[in-house]
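Beneath this line is the structure, given in structure tokens, with notes to follow.
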Amino acid sequence: MKFIVLFLSFFIFHSYHGLSQIGPAVQTNKPEPIKKEAKPTLNTPAAKAKENAKLLTKSLKLNEKQHESLEKALVEFETQVSSTNKSKLTNKEKYVKVNDLNTKRQGAIKKILTPEQYKAYLLSYP
């Protein structure tokens, strides 16, 4: 019995010292930090709308007339949503109004885009 206790204490003592580190590990070949390109801050509704119009123009291959019409519709939508969110309406009333504005925006976008572009828009841009 003494032998087992002595053996276990010896084993525990040596395994503790054998597994502990002497000091912190030094990393000699540190990876370079990833430099991400900062996204532009879109503080105004017009800036958000113009950025969305730019992205949609690129992805849907819109012509200049479509781009201008789309940008106008998106600026109007974003401005109205911003003013609705700043208003003193209840959350339910805001939800209903923004939902109505979104329905109008979708209708305007559908008029601007061709059927193929609108289908691509629906599949890529909820």
### Query
Which one is modelled with the lowest pLDDT among residues in segment 77-101 that are out of contact with any helix residue (DSSP H, G or I) (no Cβ under 7 Å at 6 or more places or on another chain), more than 20 Å from residue 43 (Cα to Cα) and not in a loop (DSSP other than H, G, I, E, B)?
91
### Message
Out of the residues in segment 37-48 meeting the condition of being surrounded by 10 or more Cβ atoms within 10 Å (Cβ to Cβ) and among the aliphatic types (A, V, I, L, M), tell me which one is modelled with the lowest pLDDT.
### Response
42
### Summary
Checked 87, 124, 82, 69 against criteria (surrounded by fewer than 17 Cβ atoms within 10 Å (Cβ to Cβ) and in contact (Cβ under 8 Å) with a residue 40 or more places away in the chain); the one match is 124
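To keep it simple, each residue is scored yes or no on (1) touching a strand residue (DSSP E or B) at 6+ places or on another chain (Cβ under 8 Å); (2) surrounded by 10 or more Cβ atoms within 10 Å (Cβ to Cβ); (3) at pLDDT 70 or above.
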| position | (1), (2), (3) |
| --- | --- |
| 2 | no, no, yes |
| 14 | no, yes, no |
| 26 | no, no, yes |
| 35 | no, no, yes |
| 53 | no, yes, yes |
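The values are calculated or read from the model by the stated rules, or taken from the named source; none is laboratory data. Just so you know, these numbers come straight off a predicted model, no measurement behind them. Backbone-built Cβ (ideal geometry, glycine too); neighbour counts: all protein chains shown.
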